Protein chains: 2
Amino acid sequence: MGEVARAEPGRTRIGWIGTGVMGAPMCGHLMEAGFPATVTTRSRERARGLLERGAVWADTPAAVAARSDVIFSMVGYPDDVREVVLGPDGALEGCAPGAVLVDMTTSRPSLAGEIARAAELRGVHALDAPVSGGEGGARAGTLSIMIGGEAGAVAALDLCWRALGATVVRQGGPGTGQHAKMVNQTLIASALVGVCEALLYAQRAGLDPERVLESVGAGAAGSWQLANLGPRMLASDWKAGFYVEHFLKDLSIALDESARIGLALPGLALARRLVEALVEQGHGRSGTQALVLALASLSDLDWPPAPVPR
Amino acid sequence: MGEVARAEPGRTRIGWIGTGVMGAPMCGHLMEAGFPATVTTRSRERARGLLERGAVWADTPAAVAARSDVIFSMVGYPDDVREVVLGPDGALEGCAPGAVLVDMTTSRPSLAGEIARAAELRGVHALDAPVSGGEGGARAGTLSIMIGGEAGAVAALDLCWRALGATVVRQGGPGTGQHAKMVNQTLIASALVGVCEALLYAQRAGLDPERVLESVGAGAAGSWQLANLGPRMLASDWKAGFYVEHFLKDLSIALDESARIGLALPGLALARRLVEALVEQGHGRSGTQALVLALASLSDLDWPPAPVPR
């Protein structure tokens, strides 16, 4: 395939598919950087803020792609990615040769490979570029972006990445962005289980959790999960920074992939079971810190548990 | 019991039992701060450095205690603590009323309670004060010290704590220092499992681990374990910062205690099984980063594993 034209504000037309809590602020950053945007999403109401700021509406991903040079997608599940990229009205259908498709959804590495192959047949470049940093990172433009795909296409979108994230690393060929995101989620999974178990232990042993955090937070036990989600668990604040139901999706993909590459990852498998139980407890739309409730349930305890009698 | 005299350099005589990789530098810091020291340890050779710097040798813990106002112990296992504190030639046997016993070994919370009760009967104060920060923290004097016991006795030893550690927090009554340490180890256990699984996944998926660490290290997946032990795993460097066999002791205590207080902690239980398997593989004297070998073995893989063929 040919060289990819360097994306330039004012000249390069971007498309955005999926303007939810992540997609809307991300697309907004590209518009602020000077990229004219065409957008679509499941319910037009969710795109209103962007439309008021000058984005153009299109009815389908294919129609978005027909008006765009670089088309980003940020949707929910791998099946959604398949539909908005490869489906009958999907973006690939509308792409001109030389366009670039960038899927930023956390999705299956194998699907990223499939999209890249389908795109190549039509002279279109495809990148997988999932992010970490959540809604806060999307709003602040400080996401970590993990990119898989052709080096030239990644480099050409330099000004787009800079508008969206603070840490931008090309991991390798198609699918490697998704693999890197699975590494990220595998780390989070067990770290989070550890935080839940540790705080459950602290409460049940009758310790003062604030004092314990003072002792353990800065050393070898320290983690982002402890520093950021520990206090929310202690406050029984289940407001979502990252939805439990999306975490279940991610851990399920990671577990499927690990099986495919011949890995038994018992910590990941344990975390997935606990997260699944939490969804069954009705916490799909809570934040991941609610996992402490699933651990408490295992011991038939409320949260916070009563200290064990001395 | 009466007030505890404030520990003062030049006046307060300290005793030290157990001058291993942790105990020797810790006792050395107290001597540098001006506290005259009497020491004993299993093999006199291990105390030579301290003796050359002016410490006095005694043949038994009881003899150390007979010459000391504040007696510290830093030994291996709970059975060692029982022997050097409560045994026939143990420290308590030699203590004058008003002395303070400080066990800094990571040991059972229930044993700390038992020691405190036995000490009280003889007018002796007992504190449990395990640490985190490892050999590096012991040498640098930057340990986190988690203390259980009477507030007055903890405050009286202020100048001793300052010589030994950077973070000093009284957690509550007898045993709470040990409980806080169990919280610390529970956090480390699952975080470490996550790091092992994530790097195994990264290698097996054919990613460049350095690039992955660049993407995931600074965000929600970040932890001390990842930042410090991840690179050692990737370098197959098993040199011990913290021995696997000591980690097995700690996780076994934490699991026993959690069962005692009615908690099922599956992440902790998983980590303990993996650490036990690692000891059985002959890695008891390796550093805890060697846990990645136990995870690789589960999938019948070497470390680093060959990437799965595309």
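The values are calculated or read from the model by the stated rules, or taken from the named source; none is laboratory data. Since this is a predicted model, take the numbers as computed values, not measurements. All Cβ positions, glycine included, derive from the backbone under ideal geometry; neighbour counts span all protein chains shown. In case anyone asks, the SASA skips ligands and DNA or RNA and just uses the protein heavy atoms, side chains included. Shrake-Rupley method; radii C 1.70, N 1.55, O 1.52, S 1.80 Å.
Miscellaneous remarks
Here's the yes/no breakdown for (1) free of Cβ contacts under 8 Å to residues at least 60 places away in the same chain; (2) on the phi > 0 side of the Ramachandran plot; (3) within 19 Å of the chain's Cα centre (by Cα):
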{"position": "A:Val244", "(1), (2), (3)": "yes, no, yes"}
{"position": "A:Phe247", "(1), (2), (3)": "no, no, yes"}
{"position": "A:Leu265", "(1), (2), (3)": "no, no, no"}
{"position": "A:Leu268", "(1), (2), (3)": "no, no, yes"}
{"position": "A:Val292", "(1), (2), (3)": "no, no, no"}
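- Scope the range B:129-138; condition of a type in the set (Gly, Ala, Ser) and either without any contact (Cβ under 8 Å) to a residue 12 or more places away in the chain or over 18 Å from B:Ala33 (Cα atoms) (or both); matching residues: B:Ala129, B:Ser132, B:Gly133, B:Gly134, B:Gly136
- Residue, surrounded by the fewest Cβ atoms within 10 Å (Cβ to Cβ), within the range B:248-260, restricted to residues that are within 11 Å of chain A (Cβ to nearest Cβ) and among the hydrophobic types (A, V, I, L, M, F, W, C): B:Ala259
- Selection from the range A:173-190 of residues that are in contact with a strand residue (DSSP E or B) (Cβ under 7 Å, 6 or more places away or on another chain) and open to solvent by less than 10 Å² (accessible area, probe 1.4 Å): A:Gly175, A:Thr176, A:Gly177, A:Gln178, A:Ala180, A:Asn184
- Sole residue being over 14 Å from the mean Cα position of the chain (by Cα), within 24 Å of B:Leu213 (Cα to Cα), among the basic types (Lys, Arg) and not assigned by TED's automatic domain parsing to the domain that holds A:Val100, chosen from A:Arg211, A:Arg260, A:Arg232: A:Arg260
- The residue that is nearest to A:Ala198 (Cα to Cα), counting only those in the range B:183-224 that are more than 7 Å from every other protein chain (Cβ to nearest Cβ) and assigned to a helix (DSSP H, G or I), is B:Gln185.
- Residues located in the range A:1-19, provided they are surrounded by 15 or more Cβ atoms within 10 Å (Cβ to Cβ) and at pLDDT 95 or above: A:Ala7, A:Pro9, A:Thr12, A:Arg13, A:Ile14, A:Gly15, A:Trp16, A:Ile17, A:Gly18, A:Thr19
- Filter pass, A:Gly262 being more than 30 Å from B:Ala306 (Cβ to Cβ) and either touching a Leu at 6+ places or on another chain (Cβ under 7 Å) or outside any helix (DSSP H, G or I) (or both): no
- A:Ser252 vs. criteria touching a Ser or Thr at 6+ places or on another chain (Cβ under 9 Å) and modelled with pLDDT of 95 or more: no
- Residues being over 15 Å from the mean Cα position of the chain (by Cα), at the interface with chain A (Cβ under 9 Å from one of its Cβ atoms) and among the basic types (Lys, Arg) - total across the range B:137-182: 1
- Residue pairs meeting the criteria (Cβ under 9 Å; at least 6 apart or on separate chains; first over 22 Å from A:Arg11 (Cα atoms), in the range A:139-167; second among the aromatic types (Phe, Trp, Tyr) and crowded, with 16+ Cβ neighbours inside 10 Å): A:Ile145/A:Trp161; A:Ile147/A:Trp161
- Meets criteria (open to solvent by less than 10 Å² (accessible area, probe 1.4 Å), in a helix (DSSP H, G or I), of a type outside the set (Asp, Glu) and more than 8 Å from chain B (Cβ to nearest Cβ)) for A:Val279: no
- Residues that are under 30 Å from A:Ile253 (Cα atoms) and surrounded by fewer than 18 Cβ atoms within 10 Å (Cβ to Cβ) do occur in the range A:25-42.
- Checking each residue in the range A:289-305 for being touching a Gly at 6+ places or on another chain (Cβ under 9 Å) and more than 9 Å from chain B (Cβ to nearest Cβ) picks out only A:Gln289.
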